[in-house]
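A short worksheet on the structure shown next.
The values are calculated or read from the model by the stated rules, or taken from the named source; none is laboratory data. Predicted, not measured: the structure shown is a model, and the values here were computed from it. Positions of Cβ are generated from backbone atoms using ideal geometry, with glycine treated the same way; all protein chains shown enter the neighbour counts.
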Amino acid sequence: MAAMRRKKTITLPEVHFSEDGDIRYLHLDSPWIQGSMLIKKPYDIELYYVQRMMAWLLFMPAGQVTGAHAMQLGLGAGTLTKFCYKKLKMTCTAIELNPGVLHACRGWFRLPPDDERLRVVIADAAQEIRSPEWTGVVDALQVDLYDHEAAAPVLDSEDFYRDCHALLTPGACMTVNLLAGLRASTRASRRSAPLLANRRSGPSSPPAKATPWCWPSAHPPAPLERSCLKQPNASKPNAACRPPSG
């Protein structure tokens, strides 16, 4: 009798939050900040690097934003999903591996329930984006995939970027959080560049318009340095991590 294969189990980090004044922070079993929310303005974007994840708006005509499809790989505190859904009136899909993160977003971070414009899929993003359901239907793709230590992107292969590219509509845009710095930025650029040079539908088809990709946090300003996003303890967030006023 053949031995049965055991499915690989994944231990997911515990989800918890902390507060400092009017800001609530999300953590994944570590002091690292995984997301935040202004308690009195839950649909605004508080962290500066998350604001930079909206750089794709520079490439999309304003009249095409409402009703377009935004996809987030990695839910975090739901900030990008909420902003695109509530402020921009987009159709939103978020893919998140950890069910606890979704529970936290719905209970602590004011993420609305699923409806005809909002859907959260609990799945491994690397596998889910290969579903034919998502091929060529995403107008704005936002990738923010880090583990609980926030050391480097958990998905950063050429195959992954190829799968991301397959999601995009012509003229769509992708933003990627590269908190790990210049080395990660250079590696990601090298892996993704061949996919952006020419996009063809067949061997005899002319090249389609190149899809603009933004790398909003490859070279973050001082408030986004790794030391700034780590708290001395999870109960008291580092006030220096707040974006500069004005």
| For residues in the stretch 90-115 being touching a residue at least 24 places away in the same chain (Cβ under 8 Å) and part of a loop (DSSP other than H, G, I, E, B), which is nearest to residue 171 (Cα to Cα)? | 90
| Before we move on, is residue 91 among the polar types (S, T, N, Q) and within 12 Å of the chain's Cα centre (by Cα)? | no
| remark: Residue set 75, 80; condition assigned to a helix (DSSP H, G or I) and closer than 17 Å to residue 142 by Cα; output residue 80
| request: State which residue is nearest to residue 106 (Cα to Cα) when the search covers only the stretch 15-42 and only residues that are of a type in the set (Gly, Ala, Ser) and surrounded by fewer than 21 Cβ atoms within 10 Å (Cβ to Cβ). | output: 18
| task | State the number of residues belonging to the stretch 124-178 that are part of a loop (DSSP other than H, G, I, E, B), modelled with pLDDT of 90 or more and surrounded by 22 or more Cβ atoms within 10 Å (Cβ to Cβ). | result | 1
